[in-house]
Each structure stands twice: as structure tokens, then as C-alpha cells.
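K.L.:
One structure, as C-alpha cells, below. Some questions next.
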């Protein structure tokens, strides 16, 4: 394969990993309302730019719930 093909594959894998990391982070954050969380969820699925925008702006808006708070919500 050509070096260009390896570059494209590498960039694709990088953005796939960024998307997965953003989805996992989004799942464990509290944004105050389900509508705000859903809006950031849709943003994450925008190819290439979505995860970057989420990590730059969205991650700061949500608060990471502690493990005990997550367990208390389930009960």
C-alpha cells in the first residue's frame, strides 16, 4: 500500500477512537437535562468535527457523576 493509504487509514482509526471516547465520556456525564445530553450526542456523531467540538466545548459543560451518584439514580 502507498503511504497515502496508510495515512488515510491512520486518520480514520484515530477519529474512530476519538468518537468512541466521546461517546463513553458523554454516557457518564450529567448535563442537567436529557435534551442537552441528546444534543451533544448528536454532535458527537458528526464525522471528524463532532468529537473534536465535544472535547473542546461540551465536555466542560457536563459534570462527571460519581459512582455512588450513578448507583443512587438507579434505585
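Only the coordinates and a few stated rules stand behind these numbers; no lab work does. Keep in mind the model is a prediction, meaning the values are calculated, not measured. Cβ atoms come from the backbone with ideal geometry, glycine included; neighbour counts cover every protein chain shown.
K.L.:
Given R₀ = 30 Å, what would the calculated FRET efficiency be for residue 4 paired with residue 46, taking r from the Cβ atoms and rounding to 0.05?
P.N.:
On the way: r = 25 Å, r/R0 = 0.82.
That pair, residue 4 with residue 46, gives E of 0.75.
K.L.:
With n ≥ 4 as the cut-off for DSSP H runs, can you work out [θ] at 222 nm for the chain, using -39500 (n - 2.57) per run divided by the number of residues, rounded to the nearest 500?
P.N.:
Details: 4 runs with 49 residues, N = 75.
Value at 222 nm, helices only, nearest 500: -20500 deg cm²/dmol.
K.L.:
What number results when the radius of gyration of the chain, computed over Cα atoms, is divided by 2.2 N^0.38 Å?
P.N.:
1.36
K.L.:
On alpha-carbon atoms, Rg over Rh for the stretch 17-60 using Kirkwood Rh? Spell out each step's value before the answer.
P.N.:
Working: Rg = 9.2 Å, Rh = 10.0 Å.
So for the stretch 17-60, dividing Rg by the Kirkwood Rh gives 0.92.
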